[in-house]
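Worksheet for the structure shown next.
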Amino acid sequence: TIDGSATKVTLQKDLRADDGVKIQAGVSGDLFMVHESSTGKITNGTGNLEIIQNTDDGDILFKSDDGSGGVAEYFRLDGGEVGSYFSKNVHLADSVQLRLGNGNDIAILHDGSNTNFLNSTGDLILANLANDKDIIFKSDDGSGGVTEYLRVDGSQTRTLVSKNLDLLDNVRLRLG
């Protein structure tokens, strides 16, 4: 229905565009949606592209094939919980940083050889808030396995050293 007094067109049936035919918006057609044989695209040619959910406590869901013929949620902007939730693994390529804080406060990255935790402000605090649980440091055991080297034991309130502790020359061991 074309309603000149309401200045709108109302569709009562599906609108279908053939492959390669764009559905455009904007004076210059800057925003368009198109399906090209096996790929669907939404393209914006100017300014920002905003996706807005105005429903109180409403979510924006990003779903895709789940690898076994179904569809699964991968990422959700949750308006009720006011948070972003990842439902599937997040993979960052080598040397791509996961940054936390305003600016470059902390970054976590793998550079192809090493994993780096980089803190640029304040103290770096590692805390286990679970009652009677430990912080355990493990590494290669010299024969292809992994073993514990150090444990901060929360239930026993002590620190356990599981492997030899060697102090280098001119390093003091201070007690008391």
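The values are calculated or read from the model by the stated rules, or taken from the named source; none is laboratory data. Keep in mind that this is a model prediction, so the values were computed, not measured. So basically every Cβ, Gly included, is an ideal-geometry build from the backbone, and we count neighbours across all protein chains shown. Keep in mind that these areas ignore ligands, DNA and RNA; they rest on the heavy atoms of the full protein, side chains included. Shrake-Rupley method; radii C 1.70, N 1.55, O 1.52, S 1.80 Å.
The loop-placed GluC sites (Glu not before Pro) in the stretch 1-101, going by DSSP, that have at most 14 neighbouring Cβ atoms within 10 Å of their Cβ come out as Glu50, Glu81. Using a Förster distance of 30 Å, how high is the FRET efficiency between Lys41 and Asp94, based on the Cβ-Cβ distance and rounded to 0.05? E between Lys41 and Asp94, to the nearest 0.05, is 0.60.
When Rg is the radius of gyration of the Cα atoms in the chain and Rh is its Kirkwood radius, what does Rg/Rh come to? Looking at the chain, the ratio lands at 1.17. Along the axis of the charge dipole computed for the chain (Cβ charges of +1 for Lys and Arg, -1 for Asp and Glu, origin at the Cα centre), the listed residues Ser120, Gly83, Ile106 are led at the positive end by Ser120. Would you mind finding the longest exposed-site-free stretch of the chain, with exposed trypsin sites (Lys or Arg not before Pro) meaning DSSP loop and at most 11 other Cβ atoms within 10 Å? Of all site-free stretches, the longest is 17-171. Computed over Cα pairs, the Kirkwood radius of the stretch 1-46 leads via Stokes-Einstein (0.890 mPa s, 25 °C) to a diffusion coefficient of 199 µm² per second. Spin-label model, Thr10 to Arg174: label points 7 Å out along the Cα-to-beta-carbon direction sit 8.1 nm apart.
The lysines within cross-link reach of Lys22, meaning a Cα-to-Cα straight distance under 17 Å and a gap of 8 or more places when in the same chain, are Lys41. Rolling a 1.4 Å probe over the protein heavy atoms leaves Leu61 with an accessible area of roughly 80 Å². Under the simplified labelling scheme, the Thr121-Ser68 pair shows an inter-label distance of 4.4 nm, with each label point 7 Å from Cα along Cα→Cβ. Applying the Karplus relation 6.51 cos²θ - 1.76 cosθ + 1.60 with θ = phi - 60° to the stretch 66-83 yields 3J(HN,Hα) values of 9, x, 9, x, x, 10, 9, 6, 9, 8, 9, 9, 9, x, x, 8, 6, x Hz, where x marks Gly and Pro. Applying D = kT/(6 pi eta Rh) to the stretch 24-99, where Rh is the Kirkwood radius over alpha-carbon pairs, T corresponds to 20 °C and eta to 1.002 mPa s, the Stokes-Einstein value obtained is 137 µm²/s.
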